[in-house]
1. Pairs, please: C-beta under 6 Å, at least 6 apart or cross-chain, first residue of a type in the set (D, E, K, R) and in the stretch B:204-223, second crowded, with 17+ Cβ neighbours inside 10 Å?
2. Would you check if there is a residue in the stretch B:303-313 being within 14 Å of chain A (Cβ to nearest Cβ), in a loop (DSSP other than H, G, I, E, B), under 28 Å from the mean Cα position of the chain (by Cα) and within 23 Å of B:SER185 (Cα to Cα)?
3. Regarding the stretch B:110-119, can at least one residue be identified that is surrounded by 18 or more Cβ atoms within 10 Å (Cβ to Cβ) and of a type in the set (Lys, Arg)?
4. Got a number for residues in the stretch B:127-169 being on the phi > 0 side of the Ramachandran plot and buried (at least 22 other Cβ atoms within 10 Å of the Cβ)?
5. Which of the residues belonging to the stretch A:36-92 are assigned to a loop (DSSP other than H, G, I, E, B), of a type in the set (A, V, I, L, M, F, W, C) and more than 7 Å from chain B (Cβ to nearest Cβ)?
6. Can you give me the number of residues within the stretch B:237-253 that are within 21 Å of B:PRO335 (Cβ to Cβ) and in contact with a helix residue (DSSP H, G or I) (Cβ under 7 Å, 6 or more places away or on another chain)?
7. Given (1) in contact with a Lys or Arg (Cβ under 9 Å, 6 or more places away or on another chain); (2) surrounded by fewer than 17 Cβ atoms within 10 Å (Cβ to Cβ), where does B:PRO298 come up short, assuming only one miss?
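No lab work stands behind these numbers, since they all come straight from the coordinates. Note that this is a predicted model, so its numbers are computed, not measured. When we count neighbours, we look across all protein chains shown, and the Cβ atoms used for this are built from the backbone with ideal geometry, even at glycine.
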Amino acid sequence: MAVEIKLPTVLRAQADGQATVAVDGATVGEVFNALVARYPGLRGNLLDDSGSLHKFVNVYKDDDDIRYLDGLDTKLADGDVLSILPAVAGGA
Amino acid sequence: MASFRELLKQTKSEIREIQPADAEPRVGEATFLDVRELDEFQQGMIPGAVFIPRGHLESQVENKIPDRDAPVVVYCAGGTRSAFAAKTLQELGYTDVVSMAGGFGRWKNEGRAWITPNTLSPEQRDRYGRHILLPEVGEEGQQKLLGAKVLLLGAGGLGSPAALYLAAAGVGTIGIVDMDVVDASNLQRQILHNLERIGDRKVDSAKKTLTALNPDVDVVTYDVRLGADNILDIIDGYDVIVDGTDNFPTRYLLNDASLLKHIPVVHGSIFRFEGQVTVFDPYNGPCYRCLLPEPPPPELAPSCSEAGVLGVLPGIVGSIQAIEAIKLLLDLGEPLRGRLLAYDALEETFRNFKVRRDPNCPACGENAHIVIAEYDDLCMPHAVLADGTVAAH
C-alpha cells in the first residue's frame, strides 16, 4: 500500500531533496521503517535508538496527531497522507 | 394625515413606557439602548448602554442586540424618539421593549448614575474608519483595541510585522521585549528597523517606528533578556502575548509563565520557507508542551541565523499572529486554539493540524505543578523537591 509522506524542508536534504516520498506500509511504523531504510540519513532525525519516534517530531495522519491515534501502530490505507512537522523555534 | 402630536400619541398607545425610577433597578439586567445622536451621547450616557442613533436603528440593532427576546429599555433625551424607536423594535420582532419616559434628561435630573462615554476623537474616527465599518469591530471594538495591551516577545522577524499591524490597528499598549541591537543583516526581514538605526537598541528603533505610525499607541520597551527572574513581572497585566522568540528554552519558559498568569500566547515560528502559527490559551486549549513535549537537540534544530530564512516568510507568519491577537482581543471568529497552521511558502499551502490538550501534560495537565526557572537546552519540566526547591538537571 502506497502512502505519501510530506517532509518538511529541514529533512529534505536527507531525502534527495524531495518534498514528498511515497512508501509502502500498513502502519505508520512500517512506513517509517521503509522511509529510513531508503534514506538512512533520516533515521536520527525521526527515531530514537529504540525505534520510537522522537518526542520533538510530530506526525499527522491527515490532520490528526498519531500520538492520539495509535502511535506507530496507527493503521494506514492506500493513499493516506502522513505529514511530518518539525519542531521549529526560529522567530528572529 | 396625522400630525406629529397625533402620531406620537398613537405610537405611545402601542408601546410600554416606564419611569427612570423603575428603569434604574434594571441596569445590568436589561439592555439599555441609547438612540440619541452622537454629540448628545458624548455628553453623557447610562452606564453600559448600547448606542445606536435612531437613524441607524433598523440597520444596526440586529447586530448589537441579536436576541429578540432580550429585555430592552430604550431612551433618548426626553422620551419622544425612544417611543418611536420602541415601536420600530416591536415591529422588528423584539418582544420585551420599554421606552423610558422623560429620557436621559429626567434620569440625570433625578440624580441617577451616568458616565461620560469613551468616544473616539474625530481623528480616530477617521484613522480607524475601515475598522468601524466592520460590524464585527465597530466603534466598540475599536475602543477595546485602544484599551488593550499586547506584549511582543522579540522586535525581529516575527515581531516586526506583528508590531506594525497591531500599532496600525490601534492596540493602545504594545510592550516589546528585546535585548538586541539593530544589525545590517536584520534588515532583510525586520521591517521595524532601517539603515539609520544600525547599532541602536531594537526596542528604541521599534518605538520610533511605531510611534511615528500611530501616536495613539503607548509603546513600552523592555531592553532585557527574558528570563526566569523577570518574566512574571514583564508579562503581568498584558491581555495577549505574541511570541516571536528564537529559541526553545525561552518558549518553554514563556509557556510556564503564561499558564501561571492565564495569558493567551499567539505562537509563531519560522524556518527557511516554512512557518507555524497556533494559539495557546491557558487551560482552554493545549499548551506548548502539549504540542511539543520535548525540544529537539540543538544539532537537529538549527536556528535561522545558521539555516537561513526567506525574508518575506516572517512577514506572513507575523501578520497572521497579529490577526490572531486581534481576534482574541475582540473575541472574533475561530482563533487557532487547538489548531496548528503550517505554512509552506514553496508549495504556497496553508494546512491545519489538530493540537490536543494532553491530560498528562507536565505543564497544564491535572497534576502539573509549574515552577518558573531557567531552562537548559533539554527544556525538561522542573521537578520540585520535597523542600520546595527546584531540582537541578
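1. Pairs that qualify, where the first residue is of a type in the set (D, E, K, R) and the partner is crowded, with 17+ Cβ neighbours inside 10 Å, are B:LYS207/B:VAL219; B:LYS207/B:THR221; B:ASP216/B:GLY170; B:ASP218/B:THR173; B:ASP223/B:ARG201; B:ASP223/B:VAL203.
2. We begin by selecting, within the stretch B:303-313, every residue within 14 Å of chain A (Cβ to nearest Cβ); these are B:303-311, B:313.
After this cut, where a residue has to be in a loop (DSSP other than H, G, I, E, B) as well, the list is B:303, B:308, B:310-311.
Imposing the further condition that a residue be under 28 Å from the mean Cα position of the chain (by Cα) reduces the set to B:311.
Now narrow it down to the ones that are within 23 Å of B:SER185 (Cα to Cα): B:311.
Yes, the stretch B:303-313 has at least one match.
3. No, every residue in the stretch B:110-119 fails to be surrounded by 18 or more Cβ atoms within 10 Å (Cβ to Cβ) and of a type in the set (Lys, Arg).
4. Filtering the stretch B:127-169 for residues on the phi > 0 side of the Ramachandran plot gives B:138, B:154.
Those left that are additionally buried (at least 22 other Cβ atoms within 10 Å of the Cβ): B:154.
Of the residues in that region, 1 qualify.
5. Narrowing the stretch A:36-92 to residues assigned to a loop (DSSP other than H, G, I, E, B): A:39, A:48-52, A:54-57, A:62-63, A:69-70, A:74, A:76-80, A:86-92.
So of that shortlist, the ones also of a type in the set (A, V, I, L, M, F, W, C) come out as A:56-57, A:69, A:76-77, A:87-89, A:92.
Residues satisfying the conditions are A:VAL57, A:LEU69, A:LEU76, A:ALA77.
6. 8
7. (1)
Listed here are the residues, each with its yes/no results for (1) closer than 16 Å to B:GLY244 by Cβ; (2) under 18 Å from the mean Cα position of the chain (by Cα).
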site: B:ILE115; (1), (2): no, no
site: B:VAL137; (1), (2): no, yes
site: B:LYS144; (1), (2): no, yes
site: B:GLY147; (1), (2): no, yes
site: B:LEU152; (1), (2): yes, yes
site: B:GLU196; (1), (2): no, no
site: B:VAL203; (1), (2): yes, no
